[in-house]
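Visitor: Dropping a structure here in structure tokens format, bear with me for questions.
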Amino acid sequence: MKPVPNEPRLPTRDEFYDLANRLEWTPKYVSEEELFPVDMHGLPYLPIDVWAKTYDAPYKVLYREYVKNQRQKDQMVFSVRDAAARAELDRKLDPVYHGGAFCFHITAIPIPEYTAVVGELRMARFGKAGEWRNLATYGSMDETRHAQLQILLSHDKININPKFAYAHKLFWVDGWVSDFARKFFDDIITAADAVENALMLTFGFETGFTNLQFVAYAAMANKAGDFLFGTAVASIQTDESRHAQIGHPVLKTYADVAKLSGG
Ligand SMILES: [Fe+2]
Ligand SMILES: [Fe+2]
């Protein structure tokens, strides 16, 4: 009997995920150390083959899925923003909440979100695993969205209270919040290498602080009747809980290597 040739078939979603995220190349004209300088990648400096085998993110999303999800999130927030403007929501909220806890968050957070764009891009270029670099690319787009969305929401409120302009000028004034924020985010993000960003920004700060802050603020906003901020902050938090997972596999890679070498 004549053999029947196998029908060509498209890879499944999971096969394509692995194919796309584990695609690496062998540089011919530069060494691995030149392509991933230690100052930008960080220490301990493991060979790229080790990263390719061990980096395994728990949150697996393809670019096509990412774009679709993000579009839906923005659509929801912007339609709620329109409804809030029509209902003159800002003038109906408790001024203690509006000029206090809400104003503090929405003016202190947007510029640090821009520093997080830098941190994510550093990992997107200098992380040594394909999956790490791809997830950090999405992370940089997330953080751009967070910074721009919260600056926009602050700008909407300036005619109610001029304090909301601090969303734009936070890093360019001197005060305890801005001094602390500049130094802290320089340390863990803008002056940090890819490994430090994975461990201090995503594993430490985003898991330990951002997720808690955004969940608590969404609950507080909903209780105060601020359905716009509740929706916006919940939508941001869904991004944070995804890219906060970038650091776990970095830490696990180091733990696995230490275990194998008896360390
Ligand atoms: Fe963010
Ligand atoms: Fe983040």
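Visitor: Can you find, among LEU43, ALA258, ALA108, the residue sitting farthest towards the positive end of the charge dipole of the chain, where Lys and Arg contribute +1 and Asp and Glu -1 at Cβ?
Guide: Towards the positive end, the residue furthest out is ALA108.
Visitor: Where does the chain land at 222 nm, in deg cm²/dmol rounded to the nearest 500, when only DSSP H runs of n ≥ 4 count, each adding -39500 (n - 2.57), divided by all residues?
Guide: Helix contribution divided over all residues of the chain: -19000 deg cm²/dmol.
Visitor: Let me ask something else about it. Report the one residue of LEU149, PHE171, GLY247 whose Cα lies farthest in the direction of the positive end of the charge dipole of the range 62-258 (charges on C-beta: Lys and Arg +1, Asp and Glu -1; origin at the Cα centre).
Guide: LEU149
Visitor: Right, another one. Per residue, how much accessible area does the chain show when a 1.4 Å probe rolls over the protein heavy atoms, in square angstrom? Intermediate results must be reported in sequence, preceding the final value.
Guide: Numbers: 14380 Å² over 263 residues.
Per-residue accessible area for the chain comes out at 55 Å².
Visitor: Also, quick follow-up: Largest first and to the nearest Å, give the Cα extent of the range 1-64 along each principal axis.
Guide: 60, 31, 21
Visitor: What does the charge add up to near MET220, with Lys and Arg as +1, Asp and Glu as -1, over the other residues with Cβ less than 14 Å from its Cβ? Each step should come with its number before you reach the end.
Guide: Working: positive: LYS223; negative: ASP94, ASP226.
Residues near MET220 contribute -1 overall.
Visitor: Report the normalised scattering of the range 62-258 as log10 I(q)/I(0) at q = 0.11, 0.15, 0.16, 0.17 Å⁻¹, calculated by the Debye formula with identical scatterers on the alpha carbons.
Guide: Listed by q, the Debye log ratios stand at -0.51, -0.92, -1.02, -1.13.
Visitor: Hey, any idea what % of the chain's accessible area is carbon plus sulfur with a 1.4 Å probe?
Guide: That share works out to 63 percent.
Visitor: Okay, moving on. Where the only charges are on Cβ atoms (+1 Lys, Arg; -1 Asp, Glu), what is the dipole of the range 203-263 about its Cα centre, to the nearest 20 debye? Walk me through the numbers on the way to the answer.
Guide: Numbers: 4 positive and 5 negative charges, 36 e Å.
In debye, rounded to 20, the range 203-263 gives about 180.
Visitor: Under the rule a/c < 1.5 gives rounded, and otherwise a/b versus b/c splits prolate from oblate, where does the range 70-149 land using the Cα gyration tensor?
Guide: Here the range 70-149 falls in the oblate category.
Visitor: Report Rg(Cα)/(2.2 N^0.38 Å) for the range 197-237, keeping two decimals.
Guide: 1.30
Visitor: To continue, here is another question. Roughly how many Å is it from the Cα centre of the range 1-65 to that of the range 128-144, as a whole number?
Guide: Here the two parts' Cα centres lie 14 Å apart.
Visitor: On to the next question. Tell me the GluC sites (Glu not before Pro) within the range 31-95 that lie in a loop according to DSSP and have at most 16 other beta-carbon atoms within 10 Å. All intermediate terms of the calculation are to be shown ahead of the outcome.
Guide: Working: sites: GLU32, GLU33, GLU34, GLU65, GLU88; in loops: GLU88.
Of the GluC sites (Glu not before Pro), the ones in loops of the range 31-95 whose Cβ has at most 16 other Cβ atoms within 10 Å are GLU88.
Visitor: So, by mean Cβ neighbours within 10 angstrom, what's the order for 42-48, 54-60 with the highest one leading?
Guide: 54-60, 42-48
Visitor: Using a Cα distance threshold of under 25 Å, what count of lysine pairs results for the range 44-171 when pairs must be 8 or more residues apart or interchain?
Guide: 8
Visitor: With everything on Cα atoms, drop me the angle between helix 63-86 and the longest principal axis of the chain, reported from 0 to 90° to the nearest 10.
Guide: Relative to the chain, helix 63-86 is tipped by roughly 0 degrees.
Visitor: Could you run the Karplus curve 6.51 cos²θ - 1.76 cosθ + 1.60 with θ = phi - 60° over the range 102-115 and give me ³J(HN,Hα) per residue in whole Hz, x for Gly and Pro?
Guide: 5, 4, 4, 5, 6, 9, 8, 8, x, 5, x, 4, 5, 5
Visitor: While we're looking at this one, here's another question. Each residue of the range 35-45 in order: what ³J(HN,Hα) in whole Hz does its phi give by Karplus 6.51 cos²θ - 1.76 cosθ + 1.60, θ = phi - 60°, with x for Gly and Pro?
Guide: Along the range 35-45, the couplings run 6, 10, x, 4, 5, 8, 7, x, 10, x, 9 Hz.
Visitor: Please report, in debye to the nearest 20, how large the charge dipole of the chain is about its Cα centre when each Lys and Arg carries +1 at its beta carbon and each Asp and Glu carries -1 there.
Guide: Dipole about the Cα centre, nearest 20: 720 debye.
The values are calculated or read from the model by the stated rules, or taken from the named source; none is laboratory data. This structure is a prediction, so every number in the text was calculated from the model and none was measured. Virtual Cβ from ideal backbone geometry, glycine too; neighbours counted across all protein chains shown. We work out accessible area using only protein heavy atoms, side chains counted, and drop any ligands, DNA or RNA first. Shrake-Rupley method; radii C 1.70, N 1.55, O 1.52, S 1.80 Å.
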